[in-house]
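Have a look at the structure below before the remarks.
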Amino acid sequence: MIRLNKFMADAGVGSRRYCDQLILRGRVEINGVKVSELGTKVDPTHKVTVDGKLLKPQKHVYWVVNKPKGYLCTNHDPGGRPIVLDLIPHVEERVYTVGRLDDDSEGLLLLTNDGDLALKLTHPRFGITKTYVVLVAGIATDEELQRMTKGVRLSEGIAKAMRVERIARQGNASLLKVVLSEGKNREIRRMLAKLGHKVMELRREAIGPIRIDRLKRGKCRKLSQVELDGLKRMVAKK
């Protein structure tokens, strides 16, 4: 017997957190009976449906994408705007992005149907680092960089970077490297705005040990077994 949200995540529905939301909304049935209790358990012989669609276990797949600007981290956009899924070849499994980059940002994204790993990579408790290169207007001072590591107050609380360093000065702009261990919505942009700096370009270069390296903008590749093993070892230590 396994928890219903894990069964759903393994079937490619989404992260466990998202599956919990579907359960609470009464959109899930087990053997034709609607369930809304978190913690419900199932076994492989049970017929689990979401909105009437029968779930089947899927093989886990893992993709790395170099997201260009203008692409959305969603599986469907009513306005017909480009989405990250457009960048990978057709796969039978229902994959989704692990975390998000806003449409004005670019860089490394992971896509998978492994809900258990996706949750661990995005939950703050596991502290998986994300590394960004950011071009900002104005000259960022040492004091401002220290403030980012000590904490900047946002509407939902204090946001902190693990590390911030100035890579270069480009005219009247600064190129920064920022490392986060948790991600609030548009966190880097809002932190720097509080310090008086507008973000002109933002690119994610790494998630934990996975680096974008030579993957060209708009291209994708499968995650290697070595990379996957490294990610799993990292979350297992937490």
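The values are calculated or read from the model by the stated rules, or taken from the named source; none is laboratory data. Remember, it's a predicted structure, so these values are computed and weren't measured experimentally. Glycine also receives a Cβ, built like all others from the backbone with ideal geometry; neighbour counts cover every protein chain displayed. Surface areas here come from the heavy atoms of the whole protein model, side chains and all, with no ligands, DNA or RNA. Shrake-Rupley method; radii C 1.70, N 1.55, O 1.52, S 1.80 Å.
Inspect segment 23-38 for any residue being farther than 28 Å from K222 by Cα and part of a helix (DSSP H, G or I) and give the result as yes or no. Spell out how you get there, then give the answer.
Here is the first cut: in segment 23-38, the ones farther than 28 Å from K222 by Cα are 23-38.
Imposing the further condition that a residue be part of a helix (DSSP H, G or I) reduces the set to 23-24.
Yes, segment 23-38 contains a residue that is farther than 28 Å from K222 by Cα and part of a helix (DSSP H, G or I).
For the subset of segment 81-102 comprising residues that are out of contact with any Cys (no Cβ under 7 Å at 6 or more places or on another chain) and buried (at least 19 other Cβ atoms within 10 Å of the Cβ), which member is farthest from L135 (Cα to Cα)?
V95
For segment 52-71, which positions are among the basic types (K, R), within 23 Å of the chain's Cα centre (by Cα) and part of a strand (DSSP E or B)?
K67
Can you tell me how many residues in segment 148-162 are among the basic types (K, R) and open to solvent by less than 70 Å² (accessible area, probe 1.4 Å)?
Step one: filter segment 148-162 for residues among the basic types (K, R), giving 150, 153, 160.
Pick out the ones that are also open to solvent by less than 70 Å² (accessible area, probe 1.4 Å) and you get none.
Here the count works out to 0.
Restricting to segment 92-121, name every residue that is in a loop (DSSP other than H, G, I, E, B), within 20 Å of P57 (Cα to Cα) and touching a strand residue (DSSP E or B) at 6+ places or on another chain (Cβ under 8 Å).
V95, V98, N113, D114
When you scan segment 186-216, how many residues do you find that are more than 14 Å from V152 (Cα to Cα) and either of a type outside the set (K, R) or touching a Gly at 6+ places or on another chain (Cβ under 7 Å) (or both)?
Number of matching residues: 15.
Inside segment 203-238, can you point out the residues that are more than 21 Å from L87 (Cβ to Cβ) and either acidic (D, E) or free of Cβ contacts under 8 Å to residues at least 24 places away in the same chain (or both)?
Within segment 203-238, Q225, V226, D229, G230, R233, A236, K237 qualify.
Can you tell me which residue among T45, T49, T74 is surrounded by 14 or more Cβ atoms within 10 Å (Cβ to Cβ), among the hydroxyl-bearing types (S, T, Y) and in a loop (DSSP other than H, G, I, E, B)?
Only one candidate qualifies: T74.
Which condition number does E143 fail, the rest of (1) open to solvent by 40 Å² or more (accessible area, probe 1.4 Å); (2) under 12 Å from the mean Cα position of the chain (by Cα); (3) within 27 Å of S174 (Cβ to Cβ) being met?
(2)
Among S174, S105, which is over 30 Å from N75 (Cβ atoms), among the polar types (S, T, N, Q), touching a residue at least 12 places away in the same chain (Cβ under 8 Å) and open to solvent by less than 10 Å² (accessible area, probe 1.4 Å)?
Within the list S174, S105, the selection yields S174.
Which residue is nearest to the chain's Cα centre (by Cα), if the candidates are limited to segment 186-202 and must be in contact (Cβ under 8 Å) with a residue 60 or more places away in the chain and open to solvent by 60 Å² or more (accessible area, probe 1.4 Å)?
Across segment 186-202, the extreme among qualifying residues is R186.
Can you go through E165, E205, E182 and tell me which one is at pLDDT below 95 and either surrounded by 14 or more Cβ atoms within 10 Å (Cβ to Cβ) or part of a strand (DSSP E or B) (or both)?
E182
Do we find a residue being closer than 17 Å to A206 by Cβ, of a type in the set (K, R) and free of Cβ contacts under 8 Å to residues at least 40 places away in the same chain anywhere in segment 149-163?
yes
Output the residues belonging to segment 1-42 that are buried (at least 20 other Cβ atoms within 10 Å of the Cβ) and basic (K, R).
Answer for segment 1-42, where residues must be buried (at least 20 other Cβ atoms within 10 Å of the Cβ) and basic (K, R): just R16.
I'd like the residue in segment 122-137 that is more than 19 Å from R203 (Cβ to Cβ) and in a loop (DSSP other than H, G, I, E, B) and, out of all such residues, is farthest from the chain's Cα centre (by Cα).
Checked segment 122-137; the qualifying residue farthest from the chain's Cα centre (by Cα) is G127.
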